[in-house]
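Some notes on the structure that comes next.
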Amino acid sequence: MNLASPIAPTATLARVPGFDEARLRIRAIETRIVNAPTTRAHKLSNTEIHHKAIVLARVHLADGSVGYGEGSTLGGPRWAEESPESIQSCIDRYLAPVLLGQPANRFEAAARAMRKAAARNTAAKAALDMALYDAVGHALGLPAAQLLGGRIHDSFEVIWALASGDPDQEIEEARHKYESRAHRRFKIKVGFAEPRDDIARLARIVAAVPECDIIVDVNQGWTAAQCQRWIPALEELGVALIEQPVVADDLAALARVTARSRIPVMIDEGAFSLGDIARAGAIAAGSVLSLKLVKSGGLMEMKRAAGVGTAHGMELYGGCLLESGIGAAAHLAVLSTLPELHWGTEHFGPRILTRDLTTAGLDFADFHVACPTGPGLGVAVDDAYLDDIAEADWRSARA
Ligand code: MUC
Ligand code: MG
């Protein structure tokens, strides 16, 4: 009888073609901020953007492989505390030094080193983590999803955000997106006007696209009392989901709102870390969890976030922070490996930029986005366009 283990011992990994840790050492890390124009104004309860500031991280391995990642913000340090400038300096000054010279394939060790080097700063950590998966995936000829357990899903339905605040424009945009079979689920931003006016705007949009699902993102703009007063009106309009209606740090208020609402309530800004998710889950503050790399700080950590949310009975939603094709592909890599993504994803970011930062790899068609299957993140970055729109050159740290 052959008692040999069917699992290859670790030493044989060195014989996997292309797998050689010395070749996967991190030789250089570069960062750069680009301001990518958006097709229209994008309004949230506390900010409005016309350009998307994106912090790019580029990692070079000893074997010449290159990987890209992206740190995302909305309106400077408004959506969360990190700004494009703080992300770049956190990477350059604190995170790059602990990664340089290390084997890029040891993702968990890299994440631990980054956690020791900086508290929170999750957008900065996520940018580097994406770049490591991209670079190692290219070096080994494997898609990032394969490095995360392997793909279950091939594509997801994509939600589009209506956020100009002008109902005529939003109705035209929604009809066009629906009729061209681009999107049939819409997330509508509220919280920047009086609730009464927001609801009147919503009612017009709902009437104009009766075939479509409507999600409302309040971005912390209402008090618990306003929720009590206005959520019944959202129920009457047939809204499918309400996102982060109250301030992020008041989990008790979110729990009360969730208990009263007949519409499922999603926690977004209120849950970054695994501990945040567990605390929210323990008191049922939200019955749906929005997953974002800028909150988790890394791809494997976002998988854990999904696990903690699921363990607390939450449904899962693939959130975004208007990432370009680079960040969208990194999210899709993780999301494609989750057993279930109940609400699909909102990675419309590449399409709200007048021109994406990638030239190939992300395919949107028939209301869906396909999860990239090429090596690394599976997208081709448009370096010439980056040179055109960046105000400064790459900043570089070397081993
Ligand atoms: C958020 O809070 O969800 C995501 C989509 C969008 O329109 O805004 C972001 C941020
Ligand atoms: Mg949100």
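The values are calculated or read from the model by the stated rules, or taken from the named source; none is laboratory data. Because the structure is predicted, anything quoted here is derived from the model rather than measured. Because the Cβ atoms are built from the backbone with ideal geometry, glycine has one as well, and the counts that use them run over all protein chains shown. Areas reflect the complete protein model, heavy atoms only, side chains present, ligands, DNA and RNA absent. Shrake-Rupley method; radii C 1.70, N 1.55, O 1.52, S 1.80 Å.
Mind checking the full-extension length gain between Glu81 and Ala259? Use 0.36 nm per residue of separation minus the Cα-Cα distance, one decimal, nm.
Values: separation 178, 0.36 × 178 = 64.08 nm, distance 2.90 nm.
Stretched fully, the Glu81-Ala259 segment lengthens by 61.2 nm.
Any idea what the dipole of the stretch 147-381 comes to, in debye rounded to 20, about its Cα centre with Lys/Arg Cβ at +1 and Asp/Glu Cβ at -1?
On the way: 22 positive and 30 negative charges, 80 e Å.
So the magnitude is around 380 debye.
What are the extents of the Cα atoms of the stretch 147-381 along their three principal axes, listed from largest to smallest and rounded to whole Å?
Principal axes ranked by extent give 50, 42, 24 Å for the Cα atoms.
Can you tell me which of 181-193, 31-43, 203-215 comes out highest on packing, and rank the rest after it, using the mean Cβ neighbours within 10 Å?
Averaged packing, sorted descending, gives the order 181-193, 31-43, 203-215.
Along the Cα→Cβ direction, 7 angstrom out, place labels at Ala233 and Arg181. What is the inter-label distance in nm?
It is 3.7 nm.
For the stretch 45-169, count all C-alpha to C-alpha pairs, find those more than 20 Å apart, and express that count as a whole percent of the total.
Tail of P(r) above 20 Å: 53 percent of Cα pairs.
Could you check the simple spin-label distance between Asp363 and His342, using points 7 Å along Cα→Cβ, in nm with one decimal?
Calculated label separation equals 3.1 nm.
Would you work out what percent of the accessible area of the chain, with all protein chains in place, is carbon or sulfur (probe 1.4 Å)?
51 percent
Compute log10 of I(q)/I(0) for the chain with the Debye formula, placing one identical point scatterer on every Cα and leaving out solvent, at q = 0.09, 0.11, 0.14 Å⁻¹, to two decimals.
Log10 of I(q)/I(0), two decimals: -0.52, -0.76, -1.21.
Need the list of aspartates and glutamates near Lys292 for cross-linking: C-alpha distance under 13 angstrom, and skip anything on the same chain fewer than eight residues off.
Within the straight-line cut-off, Lys292 pairs with Glu70, Asp268, Glu269, Glu301, Glu323, Glu346.
List the pairs from Lys43/Lys177; Lys187/Lys303; Lys43/Lys116; Lys116/Lys189 whose alpha-carbon separation is above 29 Å, in the order I gave them.
Pairs exceeding the cut-off: Lys43/Lys116; Lys116/Lys189.
Calculate for the chain the 222 nm mean residue ellipticity that helices alone would give, adding -39,500 (n - 2.57) per DSSP H run of length 4 or more and normalising by residue count, nearest 500 deg cm²/dmol.
Roughly -10500 deg cm²/dmol at 222 nm, from the helical runs in the chain.
Thr47 versus Ala113, label points 7 Å from Cα toward the beta carbon: distance in nm?
Reported label-point gap for Thr47 and Ala113 is 3.0 nm.
Roughly speaking, what % of Cα-Cα pairs in the stretch 111-224 are separated by over 22 Å, rounded to a whole number?
Numbers: 3669 of 6441 pairs.
Across the stretch 111-224, Cα pairs with separations above 22 Å total 57 percent.
How many angstrom lie between the Cα centre of the stretch 114-134 and the Cα centre of the stretch 294-343?
16 Å
Note down the magnitude of the dipole of the chain about its Cα centre, charges +1 on Lys and Arg C-beta and -1 on Asp and Glu C-beta and zero elsewhere, to the nearest 20 debye. Present the calculation step by step, with values, prior to reporting the outcome.
Values: 41 positive and 49 negative charges, 221 e Å.
For the chain, the charge dipole is close to 1060 debye.
What are the membrane-span-like helices in the chain by this rule: whole DSSP H runs, Cα extent along the axis at least 24 Å, mean Kyte-Doolittle hydropathy at least 0.0?
Qualifying helices: 122-140.
How large is the accessible surface per residue of the stretch 271-399, computed with a 1.4 Å probe and reported in Å² as a whole number?
I get 34 Å² per residue for the stretch 271-399.
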